[in-house]
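Below is one structure, written out as structure tokens, with a few remarks after it.
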Amino acid sequence: MAFDQKLKLFYLPGACSLNPHIILHEAKFPNVEYVKVGRNDKGQFTVGNELLTDVNPKGRVPALVLENGHVMTEGSIIVQYLASLAPEAKLLPQEGQSKWDALELLNFCASDLHKSVGTLFKPYASDEFKQAHKAGEVARNLKYINELLSKNEYLFGSEFTAIDSYAYTCTRWAVNLKVDFSEYPNITAWQKRMEARPSVKKALEEEGIPLLFP
Ligand SMILES: N[C@@H](CCC(=O)N[C@@H](CS)C(=O)NCC(=O)O)C(=O)O
């Protein structure tokens, strides 16, 4: 499949679909339709009068529909796919040990980071649990990211990769959920660096959500 194929990204403003949204702009994919999902009174995602489950049986974002109709539904795999279509954008290393090391970190974002911060949104989690979880798993993952950013400007070295857009998306949630970032100054500096990128600004603007650091 080609770089200039027709693509359709289903997103919810600010959700993990922001990661592929940033990546589509970062690599300047030319032929993308962005479809905002809504919610019905049962909390299910909707697209117009239809349920998102008609597109993605998991009922979640992101979902990327390719020109041939195939649907991809896991964010970390979607960005690997996009990176392979746009090698000159260097969204992820494509060869050697770096390829595996980058995938390892991308997987950390998709599993530990995404799901630890994401748990703080669960309506069935008690306030007591959320406080303990912030001090436990969330802090552990943010500390690791903060350490990585003490060595480099971006998470996988001196250049932006799709690991940054994923981690930016999740650490953004943590800021909005009032996690204390005073012990993570490198994350704050990197979030500002991320928000200076035209791709990030454009994706946030299209999703109708504010910069953390206007
Ligand atoms: N395994 C999926 C998870 C995607 C995911 O958790 N999406 C969230 C938004 S960040 C969602 O759609 N949540 C709605 C729900 O769980 O009903 C991935 O890694 O892309």
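General remarks:
- Taking only the C-alpha atoms of segment 96-197, Rg followed by Dmax gives 13.6, 45 Å.
- Of the GluC sites (Glu not before Pro) in segment 57-147, those whose Cβ has at most 11 other Cβ within 10 Å and which sit in DSSP loop: 95
- Calculated FRET value between residue 124 and residue 4, using beta carbons and R₀ = 45 Å, to 0.05: 0.55
- Separation in nanometres of the label points that stand 7 Å from Cα toward Cβ, at residue 151 and residue 196: 2.3
- Among the listed pairs 90/178; 28/151; 6/192; 6/42; 99/178; 90/192, those with a Cα-Cα distance over 23 Å are 90/178; 28/151; 6/192; 6/42; 99/178.
- For the chain, calculated [θ]222 nm from helices alone, where every DSSP H run of n ≥ 4 adds -39500 (n - 2.57): -13000 deg cm²/dmol
- Taking label points 7 Å from Cα along the Cα-to-Cβ direction, residue 186 and residue 131 give a separation of 3.0 nm.
- Rounded to the nearest 10 square angstrom, residue 60 shows an accessible area of 140 square angstrom against a 1.4 Å probe.
- Taking all Cα pairs closer than 8 Å and separated by 6 or more residues, the relative contact order of the chain comes to 23 percent.
- Chain lengthening between residue 178 and residue 159 when straightened (0.36 nm per residue, less Cα-Cα): 4.0 nm
- Each Lys and Arg Cβ is given +1 and each Asp and Glu Cβ -1; about its Cα centre, the chain then shows a dipole of about 360 debye.
- Length added when fully stretched, residue 98-residue 144, from 0.36 nm per residue minus Cα-Cα: 14.7 nm
- Between the alpha-carbon centres of segment 173-189 and segment 1-54 there is a gap of 27 Å.
- Our summary of shape: the Cα atoms of the chain have principal axis extents of 46, 46, 32 Å, ordered from largest down, in whole angstrom.
- Accessible area ranking (1.4 Å probe, heavy atoms, ligands and nucleic acids excluded), largest first, for 17, 158: 158, 17.
- Normalised contact order of segment 7-89, rounded percent, pairs of Cα under 8 Å and 6 or more residues apart: 33
The values are calculated or read from the model by the stated rules, or taken from the named source; none is laboratory data. Keep in mind it's a predicted model, so treat the numbers as computed, not measured. All Cβ positions, glycine included, derive from the backbone under ideal geometry; neighbour counts span all protein chains shown. SASA here: full protein model, heavy atoms, side chains in, ligands and nucleic acids out. Shrake-Rupley method; radii C 1.70, N 1.55, O 1.52, S 1.80 Å.
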